[in-house]
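Have a look at the structure below before the remarks.
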Amino acid sequence: MQAGAKADGYERRPRALDEMRAGTTKSLNAALLEQLRADLLNGGIDPDVKLKIPDLCQQYGVSPGVAREALSRLVPEGLVDFTDQRGFRTPPITEAGINDINRVRMLIEREALVDSMRNGTDAWESEIIAAQYRLQRCERDEGNANSHESADWTARHKDFHRALISACTSPWLIRLHNLFYDQTERYRFISAKAGNVATGARRNVVDEHAQIVDAVIGRDEEQAVKLMEDHLQRTADRVLATMATQTGDKANGRLRGKAALSTKATAPDI
(Lines give C-alpha, C1' and ligand atoms only; values in the text may rest on other atoms or scores of the structure.)
Protein backbone atom coordinates (compact mmCIF):
# COMPACT_ATOMS: atom_id res chain seq x y z
CA MET A 1 0.00 0.00 0.00
CA GLN A 2 1.38 3.43 -0.96
CA ALA A 3 2.07 6.00 1.74
CA GLY A 4 -0.94 8.25 2.14
CA ALA A 5 -3.39 5.63 0.85
CA LYS A 6 -6.44 4.93 2.95
CA ALA A 7 -7.64 1.65 4.39
CA ASP A 8 -10.44 1.27 6.91
CA GLY A 9 -10.71 5.06 7.10
CA TYR A 10 -7.04 5.68 7.98
CA GLU A 11 -4.47 7.63 5.99
CA ARG A 12 -1.15 5.80 6.23
CA ARG A 13 1.73 7.84 7.66
CA PRO A 14 4.57 5.33 8.09
CA ARG A 15 7.29 7.86 8.91
CA ALA A 16 5.24 10.78 10.21
CA LEU A 17 6.13 10.37 13.89
CA ASP A 18 9.86 9.88 13.27
CA GLU A 19 9.93 12.99 11.08
CA MET A 20 8.00 14.98 13.67
CA ARG A 21 10.42 14.01 16.45
CA ALA A 22 13.59 14.51 14.42
CA GLY A 23 15.84 17.09 16.03
CA THR A 24 13.54 17.59 19.02
CA THR A 25 13.09 16.19 22.51
CA LYS A 26 9.43 15.43 21.82
CA SER A 27 8.30 12.12 23.32
CA LEU A 28 6.60 9.43 21.28
CA ASN A 29 3.39 10.02 23.27
CA ALA A 30 3.43 13.73 22.48
CA ALA A 31 4.24 13.14 18.81
CA LEU A 32 1.39 10.64 18.43
CA LEU A 33 -1.07 12.96 20.16
CA GLU A 34 -0.08 15.81 17.85
CA GLN A 35 -0.27 13.68 14.71
CA LEU A 36 -3.59 12.10 15.65
CA ARG A 37 -5.07 15.51 16.38
CA ALA A 38 -3.91 16.78 12.99
CA ASP A 39 -5.24 13.72 11.16
CA LEU A 40 -8.61 14.00 12.87
CA LEU A 41 -8.90 17.72 12.13
CA ASN A 42 -7.85 17.63 8.48
CA GLY A 43 -9.70 14.47 7.46
CA GLY A 44 -6.68 12.15 7.42
CA ILE A 45 -8.93 9.85 9.44
CA ASP A 46 -12.52 9.62 8.24
CA PRO A 47 -15.45 10.74 10.37
CA ASP A 48 -17.71 8.13 11.97
CA VAL A 49 -15.27 5.19 11.87
CA LYS A 50 -14.14 2.86 14.64
CA LEU A 51 -10.62 3.57 15.87
CA LYS A 52 -9.13 0.13 16.38
CA ILE A 53 -6.08 0.03 18.61
CA PRO A 54 -4.24 -2.64 16.52
CA ASP A 55 -4.76 -0.59 13.36
CA LEU A 56 -3.45 2.55 15.01
CA CYS A 57 -0.42 0.67 16.32
CA GLN A 58 0.38 -0.55 12.81
CA GLN A 59 -0.30 2.82 11.21
CA TYR A 60 1.79 4.93 13.57
CA GLY A 61 4.28 2.36 14.83
CA VAL A 62 3.37 2.65 18.51
CA SER A 63 2.39 0.31 21.34
CA PRO A 64 -1.25 -0.30 22.37
CA GLY A 65 -0.71 1.65 25.59
CA VAL A 66 0.58 4.73 23.76
CA ALA A 67 -2.29 4.59 21.25
CA ARG A 68 -4.92 4.18 23.96
CA GLU A 69 -3.50 7.08 25.99
CA ALA A 70 -3.55 9.40 22.99
CA LEU A 71 -7.15 8.52 22.12
CA SER A 72 -8.24 9.02 25.72
CA ARG A 73 -6.67 12.48 25.79
CA LEU A 74 -8.56 13.46 22.62
CA VAL A 75 -11.97 12.52 24.05
CA PRO A 76 -12.31 15.72 26.16
CA GLU A 77 -11.47 17.76 23.04
CA GLY A 78 -14.44 16.24 21.22
CA LEU A 79 -12.22 14.81 18.48
CA VAL A 80 -12.77 11.21 19.60
CA ASP A 81 -15.91 9.56 21.02
CA PHE A 82 -15.80 6.69 23.50
CA THR A 83 -18.48 4.33 24.80
CA ASP A 84 -18.10 1.08 26.71
CA GLN A 85 -19.96 -0.85 24.04
CA ARG A 86 -18.40 0.67 20.92
CA GLY A 87 -14.92 1.69 22.04
CA PHE A 88 -13.21 4.64 20.36
CA ARG A 89 -14.74 6.23 17.26
CA THR A 90 -14.37 9.44 15.29
CA PRO A 91 -17.39 11.74 15.66
CA PRO A 92 -19.74 11.88 12.66
CA ILE A 93 -20.11 14.99 10.54
CA THR A 94 -23.70 16.24 10.84
CA GLU A 95 -25.69 19.35 10.05
CA ALA A 96 -26.89 19.52 13.65
CA GLY A 97 -23.26 19.27 14.77
CA ILE A 98 -21.95 22.22 12.75
CA ASN A 99 -24.96 24.35 13.74
CA ASP A 100 -24.41 23.62 17.42
CA ILE A 101 -20.65 24.13 17.25
CA ASN A 102 -21.05 27.41 15.37
CA ARG A 103 -23.68 28.66 17.83
CA VAL A 104 -21.48 27.98 20.85
CA ARG A 105 -18.39 29.35 19.13
CA MET A 106 -20.19 32.62 18.44
CA LEU A 107 -21.11 32.96 22.11
CA ILE A 108 -17.51 32.33 23.19
CA GLU A 109 -16.02 34.50 20.44
CA ARG A 110 -18.26 37.42 21.36
CA GLU A 111 -17.24 37.39 25.01
CA ALA A 112 -13.54 36.80 24.32
CA LEU A 113 -13.37 39.47 21.60
CA VAL A 114 -15.10 42.17 23.65
CA ASP A 115 -12.95 41.41 26.70
CA SER A 116 -9.84 41.53 24.52
CA MET A 117 -10.85 44.90 23.05
CA ARG A 118 -11.41 46.34 26.51
CA ASN A 119 -8.03 45.18 27.80
CA GLY A 120 -5.85 45.27 24.71
CA THR A 121 -2.69 47.39 24.62
CA ASP A 122 -0.64 48.91 21.82
CA ALA A 123 1.39 45.71 21.75
CA TRP A 124 -1.82 43.71 21.27
CA GLU A 125 -2.84 45.93 18.35
CA SER A 126 0.60 45.45 16.79
CA GLU A 127 0.26 41.68 17.16
CA ILE A 128 -3.08 41.72 15.33
CA ILE A 129 -1.71 43.84 12.48
CA ALA A 130 1.36 41.58 12.19
CA ALA A 131 -0.80 38.43 12.13
CA GLN A 132 -3.02 39.98 9.46
CA TYR A 133 0.02 40.91 7.37
CA ARG A 134 1.53 37.41 7.64
CA LEU A 135 -1.82 35.92 6.59
CA GLN A 136 -2.14 38.23 3.59
CA ARG A 137 1.41 37.36 2.48
CA CYS A 138 0.61 33.67 2.40
CA GLU A 139 -0.76 31.99 -0.71
CA ARG A 140 -3.95 30.11 0.06
CA ASP A 141 -3.70 27.91 -3.09
CA GLU A 142 -7.43 27.43 -3.49
CA GLY A 143 -7.00 24.63 -6.00
CA ASN A 144 -5.58 22.18 -3.49
CA ALA A 145 -6.63 22.04 0.14
CA ASN A 146 -3.77 19.65 0.93
CA SER A 147 -0.97 21.80 -0.45
CA HIS A 148 1.88 23.19 1.62
CA GLU A 149 0.68 26.71 0.78
CA SER A 150 -2.81 25.96 2.04
CA ALA A 151 -1.46 24.30 5.18
CA ASP A 152 0.63 27.42 5.84
CA TRP A 153 -2.41 29.65 5.24
CA THR A 154 -4.45 27.52 7.65
CA ALA A 155 -1.84 27.90 10.39
CA ARG A 156 -1.57 31.66 9.87
CA HIS A 157 -5.35 31.98 9.81
CA LYS A 158 -5.51 30.31 13.21
CA ASP A 159 -2.78 32.63 14.50
CA PHE A 160 -4.79 35.62 13.23
CA HIS A 161 -7.96 34.60 15.08
CA ARG A 162 -5.94 33.85 18.22
CA ALA A 163 -4.32 37.29 18.06
CA LEU A 164 -7.72 38.98 18.03
CA ILE A 165 -8.67 37.51 21.41
CA SER A 166 -5.18 37.26 22.90
CA ALA A 167 -5.79 40.19 25.29
CA CYS A 168 -8.79 38.43 26.82
CA THR A 169 -8.33 38.19 30.59
CA SER A 170 -10.13 34.84 30.93
CA PRO A 171 -7.90 31.77 30.40
CA TRP A 172 -11.03 29.61 30.21
CA LEU A 173 -12.53 31.71 27.41
CA ILE A 174 -9.28 31.43 25.46
CA ARG A 175 -9.15 27.68 26.07
CA LEU A 176 -12.74 27.23 24.92
CA HIS A 177 -12.12 29.47 21.92
CA ASN A 178 -9.24 27.25 20.81
CA LEU A 179 -11.33 24.10 21.33
CA PHE A 180 -14.26 25.32 19.25
CA TYR A 181 -11.98 26.84 16.61
CA ASP A 182 -10.52 23.37 16.03
CA GLN A 183 -13.99 21.82 15.90
CA THR A 184 -15.04 24.34 13.24
CA GLU A 185 -11.87 23.63 11.26
CA ARG A 186 -12.61 19.89 11.32
CA TYR A 187 -15.95 20.48 9.62
CA ARG A 188 -14.44 22.94 7.18
CA PHE A 189 -11.60 20.63 6.15
CA ILE A 190 -13.72 17.52 5.75
CA SER A 191 -16.49 19.32 3.88
CA ALA A 192 -13.94 20.95 1.56
CA LYS A 193 -12.43 17.54 0.79
CA ALA A 194 -15.88 16.16 0.09
CA GLY A 195 -16.31 18.70 -2.67
CA ASN A 196 -17.06 22.40 -2.93
CA VAL A 197 -20.35 23.70 -4.29
CA ALA A 198 -21.63 26.87 -5.81
CA THR A 199 -22.81 28.94 -2.87
CA GLY A 200 -23.43 32.31 -4.47
CA ALA A 201 -20.85 35.05 -4.78
CA ARG A 202 -17.31 34.17 -3.84
CA ARG A 203 -16.13 35.46 -0.50
CA ASN A 204 -13.50 38.11 -0.14
CA VAL A 205 -11.96 36.72 3.04
CA VAL A 206 -9.12 39.25 2.96
CA ASP A 207 -11.66 42.07 3.05
CA GLU A 208 -13.64 40.35 5.82
CA HIS A 209 -10.50 40.11 7.93
CA ALA A 210 -9.57 43.75 7.21
CA GLN A 211 -12.99 45.00 8.31
CA ILE A 212 -12.78 42.96 11.51
CA VAL A 213 -9.32 44.35 12.28
CA ASP A 214 -10.47 47.94 11.70
CA ALA A 215 -13.43 47.50 14.05
CA VAL A 216 -11.39 45.72 16.72
CA ILE A 217 -8.54 48.22 16.78
CA GLY A 218 -11.09 51.04 16.66
CA ARG A 219 -12.67 49.50 19.77
CA ASP A 220 -16.09 49.43 18.06
CA GLU A 221 -17.48 46.49 20.04
CA GLU A 222 -20.88 46.29 18.34
CA GLN A 223 -19.44 46.40 14.83
CA ALA A 224 -16.59 44.01 15.62
CA VAL A 225 -18.96 41.41 17.06
CA LYS A 226 -21.34 41.74 14.10
CA LEU A 227 -18.53 41.36 11.56
CA MET A 228 -17.10 38.35 13.41
CA GLU A 229 -20.48 36.63 13.66
CA ASP A 230 -21.12 37.25 9.94
CA HIS A 231 -17.65 35.87 9.18
CA LEU A 232 -18.31 32.68 11.15
CA GLN A 233 -21.82 32.23 9.78
CA ARG A 234 -20.62 32.46 6.17
CA THR A 235 -18.21 29.62 6.84
CA ALA A 236 -20.92 27.52 8.49
CA ASP A 237 -23.33 28.20 5.63
CA ARG A 238 -20.79 27.04 3.06
CA VAL A 239 -20.05 23.90 5.04
CA LEU A 240 -23.78 23.14 5.22
CA ALA A 241 -24.23 23.82 1.50
CA THR A 242 -21.41 21.40 0.71
CA MET A 243 -22.83 18.76 3.01
CA ALA A 244 -26.24 19.04 1.35
CA THR A 245 -24.77 17.93 -1.98
CA GLN A 246 -22.99 14.83 -0.68
CA THR A 247 -24.22 11.27 -0.60
CA GLY A 248 -24.64 9.61 2.78
CA ASP A 249 -27.24 9.29 5.48
CA LYS A 250 -29.58 12.06 4.36
CA ALA A 251 -32.10 11.31 7.08
CA ASN A 252 -29.57 12.25 9.74
CA GLY A 253 -27.84 14.91 7.66
CA ARG A 254 -24.43 13.30 8.03
CA LEU A 255 -21.35 12.55 6.01
CA ARG A 256 -19.34 9.46 6.73
CA GLY A 257 -17.00 6.91 5.23
CA LYS A 258 -16.06 7.51 1.61
CA ALA A 259 -19.09 9.79 1.23
CA ALA A 260 -17.36 12.20 3.59
CA LEU A 261 -14.11 12.42 1.68
CA SER A 262 -12.96 12.35 -1.89
CA THR A 263 -9.42 11.99 -3.20
CA LYS A 264 -9.57 15.40 -4.86
CA ALA A 265 -9.38 18.33 -2.52
CA THR A 266 -11.22 21.45 -3.61
CA ALA A 267 -10.95 25.13 -3.00
CA PRO A 268 -10.94 25.94 0.72
CA ASP A 269 -13.01 29.06 0.00
CA ILE A 270 -15.29 28.04 2.87
Taking region 27-56 and keeping residues in a helix (DSSP H, G or I) and of a type outside the set (A, V, I, L, M, F, W, C) leaves ASN29, GLU34, GLN35, ARG37, ASP39, ASN42, PRO54, ASP55
Q.
in a loop (DSSP other than H, G, I, E, B) and at pLDDT 95 or above: is that true of ALA163 in this structure?
A. no
Checked region 93-103 for anything assigned to a helix (DSSP H, G or I) and within 27 Å of LYS50 (Cα to Cα); matches are GLU95, ALA96, GLY97, ILE98, ASN99, ASP100, ILE101, ASN102
Expected output for region 37-54 (first residue free of Cβ contacts under 8 Å to residues at least 12 places away in the same chain, partner outside any loop (DSSP other than H, G, I, E, B) and not polar (S, T, N, Q), Cβ below 8 Å, 6+ apart or cross-chain) is PRO54/PRO64
In the set PRO14, PRO47, PRO76, the lone residue that is under 23 Å from GLU185 (Cα atoms) and at pLDDT below 90 is PRO47
Every listed condition ((1) modelled with pLDDT under 90; (2) of a type outside the set (Val, Ile, Thr); (3) farther than 15 Å from LEU232 by Cβ; (4) surrounded by fewer than 17 Cβ atoms within 10 Å (Cβ to Cβ)) holds for TRP172 save (1)
Residue count, region 108-119, condition touching a helix residue (DSSP H, G or I) at 6+ places or on another chain (Cβ under 9 Å) and either outside any helix (DSSP H, G or I) or surrounded by fewer than 20 Cβ atoms within 10 Å (Cβ to Cβ) (or both), comes to 5
**Any hit, region 78-92, residues being in a helix (DSSP H, G or I), without any contact (Cβ under 8 Å) to a residue 60 or more places away in the chain and either out of contact with any helix residue (DSSP H, G or I) (no Cβ under 6 Å at 6 or more places or on another chain) or under 21 Å from THR154 (Cα atoms) (or both)** = no
On the basis of being outside the structural domain of VAL225 (by TED's automatic domain parsing), surrounded by 13 or more Cβ atoms within 10 Å (Cβ to Cβ) and free of Cβ contacts under 8 Å to residues at least 60 places away in the same chain, does VAL75 make the cut? no
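The values are calculated or read from the model by the stated rules, or taken from the named source; none is laboratory data. Not measured: the values here are computed from a predicted model. Methodologically, a virtual Cβ is constructed for each residue, glycine included, from the backbone with ideal geometry; neighbour enumeration extends over all protein chains shown.
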